[in-house]
Each structure stands twice: as C-alpha cells, then as structure tokens.
Amino acid sequence: MKIRLIFAFLFIGNLTAFAQQAPKPYGALPSQRQLNWQETDMYCIIHFSMATFTDKEWGNGAEDVKTFNPSNFSAMQIVGAAKAGGFKGIVVVAKHHDGFCLWPTKTTDHNISNSPYKNGKGDVVKEYQLACEKLGMKMGVYCSPWDRNNAFYGKPEYVTNVYRKQLKELYANYGKLFMSWHDGANGGDGYYGGTNEVRKIDRSTYYGWDTTWAITRKMQPGACLFGDVGPDVRWVGNEEGHAGETYWATYTPHAPDPGKIPANGYVKDYEGTEGTRNGKYWMPAECDVPLRGGWFYHQSQDGQTRSAYNLLDLYYKSVGRGACLDLGLSPDKTGRITDEDVAVLKEFGKILKQTFAVNLVKGASFTASNIRGGNKLKFGPQNLLDNSRYTYWATNDNVTTPQLVVDLHQPKTFNVIRLRENIKLGQRIEGAAVDAWLNNTWQEIATVPSIGANRLIRLPNNITARKLRLRITASPVCIALSDFGLFKEPVHLSAPIIARGKTGDVSIHTEAPVGSIHYTLDGTTPSLSSPLYEKPLFLINGGIVKAVAFEGKGQFSEAGTAQFGLSKSGWKILTEQTTGNAQNPEYAIDEDVYSNWETLDVTTTPLPQSIAVDMGKVEPIKAFTYLPRHDRLAEGTVDNYSYAISDDGINWQQVAEGEFANIRSNPVEQITTLDHVYNARYFKFTAKHVLSGNGVAVAELGVLIKQKPLIKSSFFRLNNLPITTTTWLLYSAVFLLSIPYQL
Ligand code: FUL
C-alpha cells in the first residue's frame, strides 16, 4: 500500500513538473537582437545622396562634392512619412558605392563638409538621428563597403584606415542603432582617386569580416548585421520585396560562413527566398524593394510610385511570410519625399491600421485536442489571444499534429488569418490547415507550408463563419503556437489594369465589373470629371496613363498607372545592322515582355552585339528604354550599353553610353535619357557587356519621345482620343493638315 502511495506521489510529482516544463527548443534559435529586429516588421531604407543629384543609381566616385546641395532637406518630413506608413524604423544610406559620406567623416574629403549644404556645417546622418528620436523610430546605417571614390579601395589600407574607421564614426556618434546594413555589390570599375580603372577584390576575404563584425558587436551590441548571407539577417535574394511562400528563418548559406560571400559569387535567388529547413543558423530574411522604380530619385520615374495596395500585397508576401519588409524611399533633389510618395505611404498605413485594428477572435472559446501537461494557464490556447509573441499554446512532447476548434459565438466575416509561433523555441511547424464550418460541414479554406514568426493568410474571398478549425498537419516536435487571429481588410476597389496591344491601342480594365473608369494622360490622379474610359485609346506617341475605377459616388479605387513609349506598330528590324545570325530579333520590339531577342545559344559574333530598328519615320527621341528578361536570370542581361541613331540606317551617331547600375539585383526597365532631343528614324542598341553568358537577352527596346501635340488645342490632341468613327475621320483630317508641321 505504502509503495503504491509513493509511486502515486512520484507520478503526480512528475506530471506537475511536466505541466510546468516548456518544450525543448528546436534547431537554431534567434538571439535577442534578432528577436528585436523581427518585431520591427517594417522599416525604410533611405537613398538620398550624391546619386540623387546626378540622376544615377550608382555614382562612379568622380562626382564633385559641390554637386550635393539640397535646398530644403527635412529628415522630419522623410521619417514622418515612413512613420505614417506604419514603418518602425529607417536605415540611412550614409555612404553609397560612390563613396560620398553624408556625415563629416575624418576618413576622406569626399564628404558633406566640403559640399555647399549648410556651408559645410551639415550632417545629414545627425539630422536623421534627431528626427528618429523625436518620432520614436529606430535607426540603422548603411555604409557601402565598395567605394568607387577612394584611392585605396582594393588595398588593405582601405579596410583598416577608411572603411572600419567610417563604421566606427557611425557607431560612436549616432545613438543606438538597430541595424548595420552591409551591401553585397562589390568591386568593379570606378574613379578610385582618379585612376579610373577596374579593381577586383576577393569578396570572401578582403574585408576581414570577422574583425569588422567584432567592431559592430563591441560598439553597437544591439545592431543586427545585414549582409547577403547574414550573419544576423540575410538578403532575401531579390529586390522585389517578397519572401518564399515556404519560408524558413533558418539558413545554411552556400558560402563558407555567415557574412562571407564566395569570391565573385552571388547567392542564388531561391536560397535566400525560402531559407533552409533545419538550417545551421538562425538568419531570417529582409525583403528590400524600392517604392519607386530605382533606389534613388529619378524624375523620369515620377508617376510610377507603387500604389498603397501594391505595398499591401508586398506586406503579405514579406512580413506575412515571417520576414521583414525594407521599403526604399527616395527623397528628391530638394531633400524631401514627393507628395505622391507621401500620400501612398499614408494610405498604406491607414489600410494596415484598419485591417489589424480588431482581432475577430477576441471573446472566442477554444477546444484544443491537447494541452501540454493539462496546464491551461501556461500552455492553453487562450495564450493565442493576448497579443504576445511569446506566450503560447503547446502540446505534449508526443503530440505533433493537434487540432484547435475556435467558436466565435456568432458568424463573423474575415479575409485574413494570422498564425505565429513562439520563435524563442525555434521554427517548428511544417504544415497547417484552416477549416471553416460552412453549410454544416468543415471546409478547408487555407493551407500553409510553414509558419514561423508571422504568417498572414490573405484569402481570395471574404469568409463568413461562426466556427473555425486549425489543424497542424506536420511538425517534427510538439508545437508552440503564440497567435491565432482573424481580420478583415477594408473594402476596396482594385486599381484598373492598363495594357497596350501590338498596334499601339491602350485598353483599361478591372478584375471585377465597376461603375465607371476615368483616366488622365497628364500624370494627375483621375477624378469623376476626368474623361470616361469607353474604348481603347490610341496612344501612338506614348505617355503616362492613369486610371481610377468608381463605384457610385463614394467609392473609388487607387490609381492604376502605366507609362508607354512610342508605339512600336510599324517598326522593323534592320537585319543587316543586327548582330550575326541572331534569331528572332523582332521579339525585342513586339510589346511582349515574355519574348526575348536572344543570342545566347546561337553561334554568333562576340560582344559587343547590336540590334538596329527602323521606326518608319523621324521621331524626336528623348530617351531609350531597355527591358531585361522577365525571369530575372543574369544570362544575357546587359549591364554596359550604347545607343546610336541614324538618318539612313547606314551611318550612325552614338548618342549615349554607360552602365545599367544595379541591374543584377533590380532588373527593371532601364530608361536612358539623352542629353537633348535627337530627331532620327533609326536607332541601334549595342550590348557591350552582359552580367553573364556569351550573348544578349532583350525583352523589349523602346523610345520615349518629346510629346508634342500636333495641334495646340487639347481637344484635338491625337494621342488621347478614344477610337470612334468620328474621331477616325477627325484623325485623318488633322493628320493630313499637320504633315507640313511634322516635317
Ligand atoms: C543594392 C545596391 O547596389 C543598390 O544600389 C541599393 O543600395 C540596394 C539597397 O542594395 O545591392
């Protein structure tokens, strides 16, 4: 009897101990600084420096310091706009690849104190710091390792006497930093103290990262080190702002060690995007993406700012998959973010606030198939509701696929489901499904391949249900789930989609039927009094089309925007002026972004390779556009080019040459604005160098022309009339009358 009692006590004792015991952590785990970073969710990287004034994405280092001269810089306006967007911090690009330092550094003369800004007394980094402190925002710094200005770049002195000293100055004088951002673009041609040469470095050894990181750890122990392969935060592998649908915060980079990129090697996209299941390091991803086309401000990209709903989509694909979103802001030459960009940020912040204001699960009752040790308080599902990322519902060690029924007590309508794991115990779950009780049966409404720090499931349609069921479908160990939320996005009409066909006609449509669509052609946001869209527009000269969908009086969508170059209808390839025996050169001018002119697999002449086009008539050329292959592969992507024009298709005059900076990471359409408008009928694009491969890939080439109304009256502007029989008649008459004017 006594023995039985002792066993009974021992057993109960064990149970109580088990009921208190947290699950054993699984795999690689986050550090405190990584947890803090994770909770930041979203921050903005700010590119405002020398390249803002030279209209470049990468300056080459030869720029005169006097060129940096903002007339109205306001850190408060910039940081305030980020805050209004719901962002919690900023990363200041204190030095970009051109080597110009935005703070009065002692390491080089190429810095703000030799610029006219505040008569050489300015310190832009300090101004950001003060604004961040006032507005309660975190701050990080980006100091480019690659320095195209410095004479010592490529030699050991640069690392010891310049780069590390610059980091030390930034770490010592600008408060507590939450990130130190280390860019992966390294080595290549540059000014380098006037030598103008190519300097290559071994990316894995040159910077002596172990010694460099030690400085960060010592001086800014709370700062996460960002690099292509960590060590604290990894690059997601694209500059499009999205992580993989399957996403692991753990990562085993192909490089030898975190932070050390293989010499000349680039991390393969998908590796950073998805991470590595059971990877060696906790190294979550940052998804960086510019708000406009490039990282720096370019007037040519006005009117092309991402919309608030585009940002929302990116939010779900980055933060909603467990990564952080780093949105690029680009103040203009005055030193402020444009009104358009500010408005988009505000709108985005408003949508986020409205969406996540009310968790519809509040007040629900839970029935879990298992609660760890029966300890409801510590491990019960009510912990899912307290807004803490670290209190959690856990199961017994041997229960890896539990279920949870959530009774909302009354039907509720939602379109977003939020799940979170307590990542202090690692990323555990490998699959989950959510069912809704609809028409008296459980119907699966969503599945996810991973959860991690945050998983937002955005449903294609609203669901109205009273009961839901969460099923964990795969996990190698017991679960530790910290959040289950239901939310409803505010109603919105999606932006109209604007596309141009081969004959130059521009059509506008919406995904679902709407009351009416109105458009503008002057870059302004359409209102109900703007022209009504009824038929395709004949936009032969190109331009910016903006369209808004309206439903009744009160509801309207955000604006859809598209910029078009000159219509390519009637364009022909000048075969004899086009390189070698390349196949399908017409794919470069077929208005189809998915078909390429490619010379990669054909035996052809070595680079440079050219393609020449006959536009059919003389045009006032303002700029050329090159769209790289849409699949983002480096093979054939041109990074060094020239453009030439001709009157007869035989004799050529070169009108532009240069590099497509940053095209590897951000392969968007490249606009080359000419020094003035040239009149020509023929143009030739020459690829002088490609990122990789032995040939060229061109999705599209285009031309932007000086917009000139054929007749001054806006009513008769040929390029904005819908095509109707009457307008065709008018067209013909106006065209005939205007021939002398055109000549
Ligand atoms: C890239 C850089 O090369 C770009 O210029 C930009 O700074 C971006 C955030 O990182 O790799």
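The values are calculated or read from the model by the stated rules, or taken from the named source; none is laboratory data. The structure presented is a predicted model; accordingly, all values stated were derived computationally and were not measured. With ideal geometry, Cβ positions are generated from the backbone for all residues, glycine too; neighbour counts draw on all protein chains shown.
Observations on the structure shown:
- Considering only residues in the stretch 294-347 that are within 16 Å of the ligand (Cβ to nearest atom) and in a helix (DSSP H, G or I), the one that is farthest from the chain's Cα centre (by Cα) turns out to be GLN301.
- Selection within the stretch 171-198 - of a type outside the set (Phe, Trp, Tyr) and away from the ligand (no atom under 16 Å from the Cβ): ALA172, ASN173, GLY175, LYS176, LEU177, GLY193, GLY194, THR195, ASN196, GLU197, VAL198
- Residue match in the stretch 553-563 (condition: in contact with a helix residue (DSSP H, G or I) (Cβ under 9 Å, 6 or more places away or on another chain), acidic (Asp, Glu), farther than 30 Å from ALA436 by Cα and in contact (Cβ under 8 Å) with a residue 60 or more places away in the chain): yes
- Qualifying residue in the stretch 150-168 (condition: in a loop (DSSP other than H, G, I, E, B) and within 15 Å of the ligand (Cβ to nearest atom)): no
- Of the residues making up the stretch 95-106, at least one is assigned to a strand (DSSP E or B) and in contact with a strand residue (DSSP E or B) (Cβ under 8 Å, 6 or more places away or on another chain).
- Matching option when the condition is outside the structural domain of GLY275 (by TED's automatic domain parsing), surrounded by fewer than 19 Cβ atoms within 10 Å (Cβ to Cβ) and of a type in the set (D, E, K, R), among ARG428, ARG420, ARG455, ARG466: ARG466
- Of the residues screened, GLY237 is not one that is more than 15 Å from the ligand (Cβ to nearest atom), of a type outside the set (A, V, I, L, M) and assigned to a loop (DSSP other than H, G, I, E, B).
- Residue match in the stretch 580-587 (condition: among the charged types (D, E, K, R), surrounded by fewer than 21 Cβ atoms within 10 Å (Cβ to Cβ) and without any contact (Cβ under 8 Å) to a residue 40 or more places away in the chain): yes
- Filter result (surrounded by fewer than 21 Cβ atoms within 10 Å (Cβ to Cβ) and among the hydrophobic types (A, V, I, L, M, F, W, C)) within the stretch 469-478: ALA474, VAL477
- Hits in the stretch 97-127 (condition: within 16 Å of the ligand (Cβ to nearest atom), in contact with a helix residue (DSSP H, G or I) (Cβ under 6 Å, 6 or more places away or on another chain) and over 16 Å from LYS165 (Cα atoms)): ASP98
- Residue match in the stretch 700-718 (condition: within 35 Å of the chain's Cα centre (by Cα), more than 23 Å from ALA51 (Cβ to Cβ), at pLDDT 50 or above and basic (Lys, Arg)): yes
- In this structure, ALA623 qualifies as assigned to a strand (DSSP E or B) and either assigned by TED's automatic domain parsing to the domain that holds THR672 or touching a helix residue (DSSP H, G or I) at 6+ places or on another chain (Cβ under 8 Å) (or both).
- Among the candidates LEU627, LEU691, LEU674, residue that is more than 16 Å from the ligand (Cβ to nearest atom), of a type outside the set (Gly, Ala, Ser) and closer than 24 Å to SER595 by Cβ: LEU627
- Scoring TYR142 on the criteria (1) part of a strand (DSSP E or B); (2) surrounded by 24 or more Cβ atoms within 10 Å (Cβ to Cβ) leaves a single failure, condition (2).
- Verdict on VAL92 being in the same structural domain as ALA82 (by TED's automatic domain parsing), in contact with a strand residue (DSSP E or B) (Cβ under 8 Å, 6 or more places away or on another chain), within 15 Å of the ligand (Cβ to nearest atom) and outside any loop (DSSP other than H, G, I, E, B): yes
- Of all residues in the stretch 129-147, those being within 16 Å of the ligand (Cβ to nearest atom) and either over 14 Å from LYS88 (Cα atoms) or touching a helix residue (DSSP H, G or I) at 6+ places or on another chain (Cβ under 9 Å) (or both) number 7.
- For the stretch 58-77, the candidate set comprises residues that are in a loop (DSSP other than H, G, I, E, B) and under 29 Å from LEU135 (Cβ atoms); within that set, the residue that is nearest to the ligand (Cβ to nearest atom) is PHE68.
- For the stretch 272-293, a residue qualifies if it is assigned to a loop (DSSP other than H, G, I, E, B), more than 16 Å from the ligand (Cβ to nearest atom) and within 30 Å of LEU486 (Cβ to Cβ), and the qualifying residues are GLY275, ARG277, PRO284.
- Here ILE611 clears all of (1) buried (at least 18 other Cβ atoms within 10 Å of the Cβ); (2) more than 34 Å from the chain's Cα centre (by Cα); (3) within 26 Å of THR503 (Cβ to Cβ) except the condition numbered (2).
- Filter pass, LEU438 being within 25 Å of the chain's Cα centre (by Cα), surrounded by fewer than 17 Cβ atoms within 10 Å (Cβ to Cβ) and touching a residue at least 24 places away in the same chain (Cβ under 8 Å): no
- Test: ASP631 is free of Cβ contacts under 8 Å to residues at least 24 places away in the same chain and not in a strand (DSSP E or B): yes
- Among the criteria (1) without any contact (Cβ under 8 Å) to a residue 60 or more places away in the chain; (2) out of contact with any helix residue (DSSP H, G or I) (no Cβ under 8 Å at 6 or more places or on another chain); (3) at negative phi, the one VAL92 does not fulfil is (2).
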